[in-house]
1. Probe radius 1.4 Å, ligands and nucleic acids left out: which of A:SER53, B:SER84 has the largest accessible area, and how do the rest follow?
2. Where does each of B:156-164, B:110-118 land if you order them by average Cβ count within 10 Å, highest first?
3. Would you pull out the residues with amide H under 5 Å of A:MET184's amide H, same chain only if 5 or more places away, H placed 1.01 Å from N?
4. Give the cross-link partners of A:LYS70 among the aspartates and glutamates, using a straight C-alpha distance below 13 Å as the criterion and excluding same-chain residues fewer than 8 apart.
5. Accessible area of the protein assembly as shown with a 1.4 Å probe: how many percent of it is carbon plus sulfur?
6. Tell me which of B:GLY121, B:LEU141, B:PHE95 sits at the most positive position along the dipole axis of the range B:11-193, charges placed on C-beta atoms (Lys, Arg +1; Asp, Glu -1).
7. Compute the Cα gyration tensor for the range C:3-175, then decide on rounded, prolate or oblate, letting a ≥ b ≥ c be the square roots of its eigenvalues: rounded whenever a/c is under 1.5, prolate when a/b is larger than b/c in the other cases, and oblate in all that remain.
8. Let me have the 222 nm mean residue ellipticity of chain C computed from DSSP H runs of 4+ only, each contributing -39500 (n - 2.57), with the sum over all residues rounded to the nearest 500.
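The values are calculated or read from the model by the stated rules, or taken from the named source; none is laboratory data. All values reported here derive from a predicted model rather than from experimental measurement. A quick note on method: Cβ atoms are made from the backbone with ideal geometry, for glycine too, and the neighbour counts reach across all protein chains shown. Surface areas here come from the heavy atoms of the whole protein model, side chains and all, with no ligands, DNA or RNA. Shrake-Rupley method; radii C 1.70, N 1.55, O 1.52, S 1.80 Å.
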Amino acid sequence: MIEIQNVSLTLDDNPILHEVTLTLTEKRIAIVGSNGSGKSSFVRLLNGLRTPSEGRVLVDGYDTQTEGRKVRRRVGFVFQNPDNQIVFPIVEEDVAFGLKNLGVPVAEREQMVDEVLNRYGLLSKRKQPSHTLSGGQKQLLAIAGVLVMKPAYVVLDEPTTLLDLRNKLRVSQAIDGLDQTAIMVTHDLDLVENFDRVIVFDQGRIIADDVPNKALRRYVEAMLDA
Amino acid sequence: MLDLYVEGRSALHRLGPGWKILGLAFSGTVLFAVDHVWLSILWLAISLTLYAVAGLPLWRAWRQIRPALWLFALIFVVQVLLHSWQLGLLVIIRFAVLLLLAGLLTLTTRSSDMIDGLEAGMRPLHRLGVRTESISLAISLTFRFIPVLTSVVHEVREAQSARGLERSVFAIAIPSIIRTLRMSEEISDAIDARGF
Amino acid sequence: MATKDIVLIALFAALVAALGVVPNITLPMAGGVPITAQSMGVMLAGALLGAKRGGLAIVLFLVLVAVGLPLLSGGRGGAGVFFGASGGFLFGFPVGAFVIGYLFDRHIGQPSFLQGLIYVLIGGIGVVYVFGVPWLATVAEITLWQALVGSVAFLPGDLIKAVLTILIAREVRKAMPNL
């Protein structure tokens, strides 16, 4: 369970989020909103990449501000641009990075890397330079590098925005298949139709929080009003 | 990434990079400590023999020296005018030997092996409080981002050529640098998010 | 050292390499003198990243060159380039970047164009030549004075690079005030 308690966030004197309170328990949660609505900052609060200016964020009871390491082990984070997330030149090295940081022994590491690469159809690319992968494969590699650490929650910040349709579908399939709780920021509204919950942000506040069709209707109305 | 290594199975290829670096340092020290033309000729012969041992054709050796030819000529002229042609010869041969041997190191050693050696050599620094994982990470990141930034620079260049600015240092450097620096924020977030 | 600093060091090293593979960036106003974008990397590293990060970015770049990657413009690389006539200048580069960065770091507020230029000249030319000239004198068996005279040919190009560095650094800082 992730609890967001009365959280406000200010960056460089700009108010980003206003007194947000939420409890996230569903398995598939989507965060939508226009650009600059605060949704990207919001999800960065969930694994402690940003800490709230006011209020608290608790992941399974651990405060992101004081127990950052424990929180990061629980919450994996997939970024929009896989090029900024893949940090090693060779595919397998990149997947192993998180495991190395967790102190997983080499033999076990190898096996886990194999498993996750196999799951995302990247096993044959294992020894290849990561920059030679296609856009979709890169995003799958980024997801693999996070999932191999076996987090309880996966936060995804617009994982399909930079992809073409075919790759979008592949990545979306991969997300559907996650065993973990997934919290996804997205502009691709068709991807969230079968989610459990959709939260709509506008100007740093939540304007809807409901099942997908109701929340999305409210979102479209708000955008038309503006 | 493509390095300057030339595939081979010779004894020199198999020798650890540390020994080769040591040999290079030793040669440099001896050649400068003993200012003698015959010694440098001997060393030149040894160097060329080593190229043969490594299975490298003579043109490989020539390539190491070629960029310095104009300088050789200049040095020779200066030395003849100021001192003697013998000194000129010594300086040029010594110079050539160092270029040949340094080139031999590069041609017979994979850069990944050099880096592994480097990282192994730095491990004792750990006890002095240096976080050696940071150094390894920095090296890996550089390897990873050279191709990424090369495409960034190419993109910027293409965009600027639409405005006829593809040869302007400003129009290329400023956007490339800004894009690079902007990326750094998300990359460091991504590294932290994976528990570094 | 914070992760952000490690990333900046690595990215800048990679950028200097990337600027080296782009051919044909020459400066029209220098009378066709080919000024590669890469060769400004040293000055820019110091002026933008500061002493420690700037110096280390250049060290990292040169380490990769030394281990055999052809990253210098024109595809040069390997241990040999450090033994060439300009080897001393290469060794001077990271120190030069460090000194430029140090001077920028201790300046309170934004340095003016002229102040910045002086800093870049001290580190990017002064310091670098302090390494390069004696090296040249040693390998060529000439006097320091002769080596200095021999190096003067590069001075006009270096001066232009220093001016460009300041102009570029000012624009970049405008876009990224809290680097």
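1. Details: A:SER53 65, B:SER84 40 Å².
Final ranking, largest accessible area leading: A:SER53, B:SER84.
2. On the way: B:156-164: 13.8, B:110-118: 18.7.
Ranking the peptides B:156-164, B:110-118 by packing returns B:110-118, B:156-164.
3. A:ILE29, A:ALA30, A:ILE31, A:LEU156
4. Excluding near neighbours in sequence, the set is A:ASP60, B:ASP192.
5. The C+S portion of the solvent-accessible surface of the protein assembly as shown is 59 percent.
6. With unit charges placed on the Cβ atoms, the residue in question is B:PHE95.
7. Working: a/c = 1.43, a/b = 1.23, b/c = 1.16.
Note, shape of the range C:3-175 comes out rounded.
8. On the way: 8 runs with 114 residues, N = 179.
Helices in chain C give a 222 nm mean residue ellipticity of -20500 deg cm²/dmol.
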